[in-house]
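Here's the structure we're looking at; comments come further down.
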Amino acid sequence: MIQLKGLRKEYGKQTVLDGIDLDIAKGEIVVVIGPSGTGKSTLLRCINFLETPTAGEITVGDLTVDACSTSRKDILALRRRTAFVFQNYALFANKNALDNIAERLIVVDRWPKEKARQKAREILQRIGLADKAEAYPASLSGGQQQRVGIGRAMATGAEVILFDEPTSSLDPEWVEEVPGLMKQLAREHQTMLVVTHEMSFARDVADRVIFVDGGRIVEQGPPSELFSNPRDPRTRDFLRKVLPDQTA
Amino acid sequence: MNVLDLDYMLGLIPVLLKYLPLTLEMAAAGMVLALVLACLLAVIRVLKVPVLDRFAMLFISFFRGTPLLVQLFLFYYGLPQLMSSLTAINGITATIMGLTMHFSAYMAESIRAAIVGVDRSQTEAALSIGMTNAQLMRRIVLPQATRIAVPTLMNYFLDMIKATSLAFTLGVTELMGSAQKEAAGSFLYFEAFIIVAIIYRGIVELLSWLQRYLEHRLNRAYSR
Ligand SMILES: Nc1ncnc2c1ncn2[C@@H]1O[C@H](COP(=O)(O)OP(=O)(O)OP(=O)(O)O)[C@@H](O)[C@H]1O
Ligand SMILES: [Mg+2]
């Protein structure tokens, strides 16, 4: 239901994504890992055209978009089927928690305000922030802001939620609440593509882990296999660094 | 040294205040038009609209780079010479045009800076939920940019009120022009101009209060 074919991204002469092919099934939770600067963020950003891919094809649900011939309409349609959770939360500073979540329903889906806010209230309940509806982002902790960020993504009803290192800006004391919420979403069979350095999240939640290096998918598999029995030397090398206790 | 003629000064206040509405009207009209033009210029510059962006840059550099008085003379004396349909452009209109263009150039730059100052990741977040550029400007960027820009824009408004005094060089009898006339009749120049100064100072003080109130309101908005 999500399919990438030959996705490429170049900045000038630098190739950041070197032909990514990827199929993600409905309800699947895919975690992307890999060294810094290998194009993980770029991959997610290309899927909803926050960056314009240089070449390749993106299918989300029944919509297929070819990077080489896109219209504004295609890009909007693609963005409306995907949702993004940002490393630095990126909440709308001029809107309270409730309206951050309701914004998409009001502006993009053109729901009546009251209905949108009602739905946003339900989401706040689900993310455990019902009492923070009126709070502006500046007065929320990092963990709370990121949960609102996830709530905003949930409100879109998107076919897939893209997470770019959702926990790496958080103080250690707040880190647990965000993976907790993501696990809850996973149990609800929300399709997710997650870039993270949290190997424990990958191990506990992912259906499939993808190791990316140099803009390519080097190796992929269920976490139990990939973590305990990596085949490629680059994967082994990377895992040795991030899982010091698990020397392979 | 002569002593100031206090009775004359007090008597002058109501006479000069009659011209205050015209001063304020020119400033208000200039401010509204300048704001509209400045927003347009700023958006063109931020979005780097082809061709228009070059034009906006040229416009801004001309009106920031030359004295307001020169611009007023160009509009009042120069334009009618080029376009005969404007034979008698009136001094008030020329002043409002001049103030509008001159201040819009400055205001465009501060609005542009305010727009650019809104955290770029919020723009991406708005795009990621499927907003169009227009929606993202209207609902996310401009409200926040306004908050950043209001203090500077208010300062320009105060400058503009003071700058309306240049209208008297185009033969407009506003606050300054009327003081000039009164002084020419009585030869009490110091008295007349100090009263004008006090009146301008008073308006500026009143508006500074308004400015502080506005800023207080705007700052309260996102901090709860
Ligand atoms: N706008 C840009 N212009 C030029 N180069 C860019 C741009 N954005 C990213 N890059 C380059 O693309 C490469 C991949 O960046 P990307 O952010 O996708 O890496 P990443 O895998 O997410 O890394 P990290 O783990 O550090 O977040 C980097 O070398 C980066 O310098
Ligand atoms: Mg990254």
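The values are calculated or read from the model by the stated rules, or taken from the named source; none is laboratory data. Just so you know, these numbers come straight off a predicted model, no measurement behind them. Cβ sites come from the backbone with ideal geometry, for glycine too, and all protein chains shown count toward neighbours. SASA here: full protein model, heavy atoms, side chains in, ligands and nucleic acids out. Shrake-Rupley method; radii C 1.70, N 1.55, O 1.52, S 1.80 Å.
A residue that is within 24 Å of B:LEU37 (Cβ to Cβ) and within 14 Å of chain A (Cβ to nearest Cβ) occurs somewhere in segment B:105-114. For segment B:82-101, a residue qualifies if it is open to solvent by 20 Å² or more (accessible area, probe 1.4 Å), under 27 Å from B:GLU25 (Cα atoms) and in a helix (DSSP H, G or I), and the qualifying residues are B:SER85, B:LEU86, B:ILE92, B:THR93, B:ILE96, B:MET97, B:MET101. Candidates are the residues of segment B:185-224 that are more than 14 Å from chain A (Cβ to nearest Cβ) and among the basic types (Lys, Arg); the one that is nearest to the chain's Cα centre (by Cα) is B:ARG201.
If you filter segment A:1-56 down to residues that are away from chain B (no Cβ under 14 Å), in a loop (DSSP other than H, G, I, E, B) and within 16 Å of ligand 2 (Cβ to nearest atom), you find that the one that is nearest to A:LYS73 (Cα to Cα) is A:GLY39. The residues on offer are A:VAL178, A:VAL148, A:VAL160, A:VAL194, and the sole one that is more than 14 Å from every other protein chain (Cβ to nearest Cβ), more than 16 Å from ligand 1 (Cβ to nearest atom), open to solvent by less than 10 Å² (accessible area, probe 1.4 Å) and modelled with pLDDT of 90 or more is A:VAL178.
Scanning segment B:122-162 for residues that are more than 9 Å from chain A (Cβ to nearest Cβ) and in contact with a Phe, Trp or Tyr (Cβ under 8 Å, 6 or more places away or on another chain) gives B:TYR156, B:ASP159, B:MET160, B:ILE161, B:LYS162. In this structure, A:ALA77 does satisfy being outside any loop (DSSP other than H, G, I, E, B), away from ligand 1 (no atom under 16 Å from the Cβ), more than 17 Å from the chain's Cα centre (by Cα) and within 14 Å of another protein chain (Cβ to nearest Cβ).
Counting only residues that are crowded, with 17+ Cβ neighbours inside 10 Å and of a type in the set (D, E, K, R), segment B:160-198 holds 3 of them.
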